[in-house]
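Written out below as structure tokens is the structure these notes cover.
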Amino acid sequence: MKLTADEERMLAGESGPGVQRALELLIAIGEAYEAEKLIDISSSHILSPEMQFWNTGQLSRWARELVAESVEGATHFRVPVTINPIFLEPAIAERLGYPESYIEEMSQSLASGRETYARLGVIPTYTCCPFYIHPLRQGEHSGGAESLVVLFNNSVLGVRVNRESGPTALATALTGKTPLYGMHLPENRHGQALVELKDDLDPGAFTYADYNALSYGVGKMVVDKIPIFLGLPPNMSITQLKYLCAPLGVSAGIPMFHAVGITPEAPTVEVALGGKKPETTIEVGRKEIDQAFAELCSATDSSIDYVFLGCPHVTITEMDEIARLLQGKRVKSDVLLIIGTTEPLRLLARQMGLVDIIENSGGMVVSGMCSAGSFLRRGVPQGFHVGVVATNAAKAAHYLKAGGVQVWFGTMPQCINAAVTGKWGDA
């Protein structure tokens with residue numbers, strides 16, 4: 001691989017052992033993919049193992065050691081860097097009745113991670129939707145992990161980014177470099193599978209959950225082929241596009257999609273295909289949508305313990321819709337309603353009076369925390385009753401179901417109704 005003088009200096013350890021290891025890792029990845037060189041990136045998005053995945057026990061200690069070794073000697077990130085949410089807010093752990101020793105250890109792990117990344121200059125977004133706060137431009141090269149960030153940046157914004165791992169994303173942040181392969185090359189960004197909607201669907205009337213179900217089902221069918229959606233409304237909102245993006249990160253192994261007439265690299269089908277013929281054509285109708293809804297539900301008990309909204313983090317539009325649905329109502333006392341977002345949007349929603357409506361109804365608006373219910377399937381204290389979850393997020397439902405948690409997947413109104421009545425499906 002050809003290296004610049006700056007890259008040679010990093011490889012020689014002149015910027016410290018952490019940066020040296022980071023460049024060694026990126027070179028190894030590049031050589032595995034036969035990349036000719038490294039390229040400059042304009043930004044990166046990282047996820048932290050000690051804050052997002054393992055907060056307690058031996059794995060937490062290992063994660064902190066891994067990060068400490070990775071950033072050894074580094075004084076700053078070389079590009080603007082955003083960061084993914086944390087695993088669980090200590091305040092929620094207290095409300096759940098987690099042991100004091102668990103909360104104390106978790107708080108120490110969170111404090112350690114926050115201090116490390118703050119020292120390096122991270123933009124403290126703590127969200128899976130950094131594009132709310134730090135949007136990028138079409139054609140920019142970026143680094144980063146988190147499947148939604150990769151899908152949204154590539155597909156909706158036209159940014160060029162590969163689906164990185166946590167360690168490689170951190171390496172791109174420390175070096176400002178990434179290997180030139182995959183989604184950084186225009187020829188790899190063309191669509192391969194056409195997705196046509198049957199006549200029994202009216203996408204103009206889709207709920208957020210419908211977009212989730214469509215995307216989740218399509219992901220299972222395309223597997224590793226980049227899909228090209230036909231027939232979606234040309235005026236799709238950012239919120240709707242977010243719901244179309246997210247499930248593709250768990251039901252398929254792809255870094256992007258196209259939506260003709262909507263996403264920047266698909267003004268026409270021909271352009272999205274790169275002048276080639278599609279490898280396959282998929283038809284999706286009401287039957288396939290309903291099947292996806294059914295697949296995402298694992299619960300048999302209609303009693304609800306938790307309602308999670310905000311996977312991915314909610315927009316102001318969603319916050320307004322949630323507040324309207326809760327206006328004049330009260331969340332059942334034994335149900336925990338969590339709405340996850342990022343801190344700047346939470347502050348805006350509070351200024352608009354939306355947070356007060358939600359909190360006065362008994363809900364919780366949290367910022368900077370993963371809203372996929374990860375704390376119910378990983379690191380759960382011994383003897384803790386997990387319970388039943390309702391969510392309008394296919395990604396959260398997929399993870400919870402895979403983790404053995406009983407989950408109901410449905411629309412936002414269904415979820416709010418479940419929070420108020422304590423039952424799934426009650427009128």
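Values quoted throughout were computed directly from the atomic coordinates according to the rules given, and no laboratory measurement underlies them. Please read these numbers as outputs of a predicted model, since none were measured by experiment. Don't worry about glycine lacking a Cβ; one is built from the backbone with ideal geometry, like all the others, and counts go over all protein chains shown.
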Restricting the stretch 402-425 to residues that are in a loop (DSSP other than H, G, I, E, B) and touching a residue at least 40 places away in the same chain (Cβ under 8 Å), the residue that is nearest to E321 (Cα to Cα): T411
Of the candidates K242, K225, K276, K220, the one satisfying the condition of being among the charged types (D, E, K, R) and in contact with a strand residue (DSSP E or B) (Cβ under 7 Å, 6 or more places away or on another chain) is K225
Hey, could you check the stretch 326-370 for residues that are among the small types (G, A, S) and over 24 Å from V122 (Cβ atoms) and say which is surrounded by the most Cβ atoms within 10 Å (Cβ to Cβ)? G363
Condition check: of a type in the set (A, V, I, L, M, F, W, C) and touching a strand residue (DSSP E or B) at 6+ places or on another chain (Cβ under 7 Å). Does L354 satisfy that? no
Mind listing whichever residues of the stretch 181-217 are in contact with a Phe, Trp or Tyr (Cβ under 8 Å, 6 or more places away or on another chain), within 20 Å of N154 (Cα to Cα) and crowded, with 23+ Cβ neighbours inside 10 Å? G191, V195, Y211, N212, L214, S215
Name the single residue that is surrounded by the most Cβ atoms within 10 Å (Cβ to Cβ) among those in the stretch 399-419 being in contact with a strand residue (DSSP E or B) (Cβ under 9 Å, 6 or more places away or on another chain) and more than 22 Å from Q240 (Cα to Cα). L400
On the basis of being within 18 Å of the chain's Cα centre (by Cα) and either closer than 16 Å to D40 by Cβ or part of a helix (DSSP H, G or I) (or both), does L174 make the cut? no
What number of residues within the stretch 80-100 are part of a loop (DSSP other than H, G, I, E, B) and either buried (at least 23 other Cβ atoms within 10 Å of the Cβ) or under 21 Å from the mean Cα position of the chain (by Cα) (or both)? 6
Being under 18 Å from P247 (Cβ atoms) and β-branched (V, I, T) is the filter here, so list the residues in the stretch 133-175 that pass it. V149, V150, V156
Here are some residues: V218, V195. Which one is farther than 30 Å from K2 by Cα and in a strand (DSSP E or B)? V195
Among S42, S60, the single one that is of a type in the set (S, T, N, Q), touching a residue at least 12 places away in the same chain (Cβ under 8 Å) and closer than 27 Å to P135 by Cα is S42
Looking only at the stretch 221-242, and only at residues there that are touching a residue at least 40 places away in the same chain (Cβ under 8 Å) and assigned to a helix (DSSP H, G or I), the one that is farthest from M183 (Cα to Cα): T239
Only residues that are touching a helix residue (DSSP H, G or I) at 6+ places or on another chain (Cβ under 7 Å) and acidic (D, E): list them for the stretch 27-68, please. E50
Scan the stretch 56-79 and tell me whether some residue there is surrounded by fewer than 16 Cβ atoms within 10 Å (Cβ to Cβ), more than 28 Å from L337 (Cβ to Cβ) and β-branched (V, I, T). yes
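Here is a yes/no grid of residues against (1) farther than 15 Å from A213 by Cβ; (2) surrounded by 14 or more Cβ atoms within 10 Å (Cβ to Cβ):
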| position | (1), (2) |
| --- | --- |
| I228 | yes, yes |
| M236 | yes, yes |
| P255 | yes, yes |
| G275 | yes, no |
| V284 | no, yes |
| A299 | yes, yes |
| S303 | yes, yes |
| M319 | yes, yes |
When the stretch 82-130 is checked residue by residue, the ones that are closer than 17 Å to L47 by Cα and among the small types (G, A, S) are S109, A111, S112, G113, A118, G121
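Yes or no, residue by residue, for (1) surrounded by fewer than 21 Cβ atoms within 10 Å (Cβ to Cβ); (2) acidic (D, E); (3) under 16 Å from the mean Cα position of the chain (by Cα); (4) under 13 Å from I238 (Cβ atoms):
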{"position": "A118", "(1), (2), (3), (4)": "yes, no, no, no"}
{"position": "Y126", "(1), (2), (3), (4)": "no, no, yes, no"}
{"position": "C129", "(1), (2), (3), (4)": "no, no, yes, yes"}
{"position": "P135", "(1), (2), (3), (4)": "yes, no, yes, yes"}
{"position": "G143", "(1), (2), (3), (4)": "no, no, yes, no"}
{"position": "E146", "(1), (2), (3), (4)": "no, yes, yes, no"}
{"position": "V149", "(1), (2), (3), (4)": "no, no, yes, no"}
{"position": "S155", "(1), (2), (3), (4)": "no, no, yes, yes"}
{"position": "V159", "(1), (2), (3), (4)": "no, no, no, no"}
What single numbered condition from (1) under 26 Å from F384 (Cβ atoms); (2) out of contact with any Ser or Thr (no Cβ under 7 Å at 6 or more places or on another chain) fails to hold for I338? (2)
